[in-house]
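The values are calculated or read from the model by the stated rules, or taken from the named source; none is laboratory data. Here the structure is a predicted model, which means the values were calculated and not measured. Cβ atoms come from the backbone with ideal geometry, glycine included; neighbour counts cover every protein chain shown.
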Ligand SMILES: [Zn+2]
């Protein structure tokens, strides 16, 4: 009985062994065979499908080697910091990430034969981001922007900056040293952009500035003031026809914005045409440093820097929007001395008294009234005026879409409609004829 049992057990084990062993063997062979067979066929099937114009997803890894390669690539991508900054080569110098450098830009030889080199400050952030350029004193007697650029950059730590800020506090160094709006030859530098390497002195300076500095910028803020005894409320001049300029303007917070396509050869127009969103930032009057406008301008530029993500700590919790205006000038119809009765920035209603023209030889006082409801964006200082002089610049609330329509009307119906730039042109060309 026992032998029978042992024999049965042996027989049972033998049967199990014979059954299981070939099964395992064949299973192993199947796996090997499967690998051997499938691998070389993949490219064949792939080619055939391509020839039949049937799309195939080749992304899935088909072998261990492909899978490992994919994992390796993913690891490499994760280790690469997408915000890493590269060095910037500008004015034949290389500025490293996290570095603040003072460079100089060569205007060319002065009349005394010396090479004149205005300062350029480059703050190359430790992390990548946009290149914002702040330039001032293209008109040499406009001082407020010089101080705004200086103070904004003075407080910057390049290790905290995302992107780059390039500051040129004084572009027209000749005009600045002579306390003049113009270049020494009486030309207006802001009428010669983007310049010409073989043109007039002004064209050559404009060309150097445009090619050596402005070409590096993603955005440009060009600081100005009113000119010829005029005071301007802080305001942006921008070509609202350009979508990239409209977007740029939206980052300045609650600043007044006037749509102006601008003089065709101004820095603003030339840079905008080259695809670099550029605004003119007007603040105050020429020939003096006005602390209230400097502080206001710094606040606005800090808002811009926060919105562009250049300094995270300046990012605001709320997003104030710009206030858009169309505008018109109120001109005087009689000669005499202007005596204003309103302050800049005041809101006015139709018929409201703006000031008087006083005849110095009589008791005559002629009222100047506003024909429209709006805000005083700019005004002449009290001075002698001839009939036709523009005394008050009134902004009428608008929105960005209607501004563009108004601009087209201006062009069609009144090509000589007042803008500061057109008016300044008239004055400067008259001066050129006289001298
Ligand atoms: Zn100016």
Please specify each residue of segment 261-273 satisfying the condition of being more than 16 Å from the ligand (Cβ to nearest atom) and closer than 23 Å to residue 396 by Cβ. 261
Going through segment 274-308 one residue at a time, which ones are over 20 Å from residue 345 (Cα atoms) and within 16 Å of the ligand (Cβ to nearest atom)? 278, 279, 287
Would a scan of segment 215-232 turn up a residue that is in the same structural domain as residue 105 (by TED's automatic domain parsing), surrounded by fewer than 24 Cβ atoms within 10 Å (Cβ to Cβ), over 23 Å from residue 294 (Cβ atoms) and in contact with a strand residue (DSSP E or B) (Cβ under 7 Å, 6 or more places away or on another chain)? yes
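For residues that are within 16 Å of the ligand (Cβ to nearest atom) and in contact (Cβ under 8 Å) with a residue 40 or more places away in the chain, scanning just segment 184-205, find the one that is surrounded by the fewest Cβ atoms within 10 Å (Cβ to Cβ). Full working, then the answer.
At the first step, the residues of segment 184-205 found to be within 16 Å of the ligand (Cβ to nearest atom) are 186-193, 202, 205.
Next cut, in contact (Cβ under 8 Å) with a residue 40 or more places away in the chain only: 186, 188-193, 205.
Working: 186: 13, 188: 24, 189: 27, 190: 27, 191: 20, 192: 25, 193: 27, 205: 27.
The residue in question is 186.
Test residue 281 against the stated conditions and say whether it is buried (at least 20 other Cβ atoms within 10 Å of the Cβ), outside any loop (DSSP other than H, G, I, E, B) and not assigned by TED's automatic domain parsing to the domain that holds residue 193.
Taking the combined requirement at face value, the residue does not satisfy it.
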Across segment 144-158, the tally of residues that are surrounded by 24 or more Cβ atoms within 10 Å (Cβ to Cβ) and away from the ligand (no atom under 11 Å from the Cβ) stands at 2
Filter segment 195-218 for residues that are within 27 Å of residue 246 (Cβ to Cβ) and assigned to a loop (DSSP other than H, G, I, E, B) and give the result. 195, 213, 217, 218
How do the pairs read when you match residues in segment 125-145 that are farther than 21 Å from residue 303 by Cβ with residues anywhere that are near the ligand (Cβ under 9 Å from one of its atoms) and assigned to a strand (DSSP E or B), using Cβ under 6 Å and keeping only pairs 6 or more apart or on different chains? 142/224
Neighbours by Cβ (under 6 Å, 6+ apart or cross-chain): first from segment 269-281, closer than 12 Å to residue 215 by Cβ; second at pLDDT 95 or above and within 15 Å of the ligand (Cβ to nearest atom): 270/193; 271/220; 271/278; 276/220
Pick from segment 228-260 the residues that are part of a loop (DSSP other than H, G, I, E, B) and more than 22 Å from residue 144 (Cα to Cα): which of them is farthest from the ligand (Cβ to nearest atom)? 250
Flag for residue 264 being assigned to a loop (DSSP other than H, G, I, E, B) and buried (at least 22 other Cβ atoms within 10 Å of the Cβ): no
Residue match in segment 115-128 (condition: modelled with pLDDT under 95 and within 23 Å of residue 282 (Cα to Cα)): yes
For segment 316-366, which strands (runs of 3 or more DSSP E) that fit wholly inside it have 2 or more residues that are within 14 Å of residue 393 (Cα to Cα)? 323-331, 353-358
Checked 314, 283 against criteria (in contact with a helix residue (DSSP H, G or I) (Cβ under 6 Å, 6 or more places away or on another chain) and at pLDDT below 95); the one match is 314
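One line per residue, one yes/no per condition, for (1) part of a loop (DSSP other than H, G, I, E, B); (2) more than 12 Å from residue 142 (Cα to Cα); (3) modelled with pLDDT of 95 or more; (4) touching a helix residue (DSSP H, G or I) at 6+ places or on another chain (Cβ under 6 Å):
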position	(1), (2), (3), (4)
170	yes, no, yes, yes
174	no, yes, no, no
184	yes, yes, no, yes
193	yes, yes, yes, yes
220	no, yes, yes, yes
226	yes, no, no, no
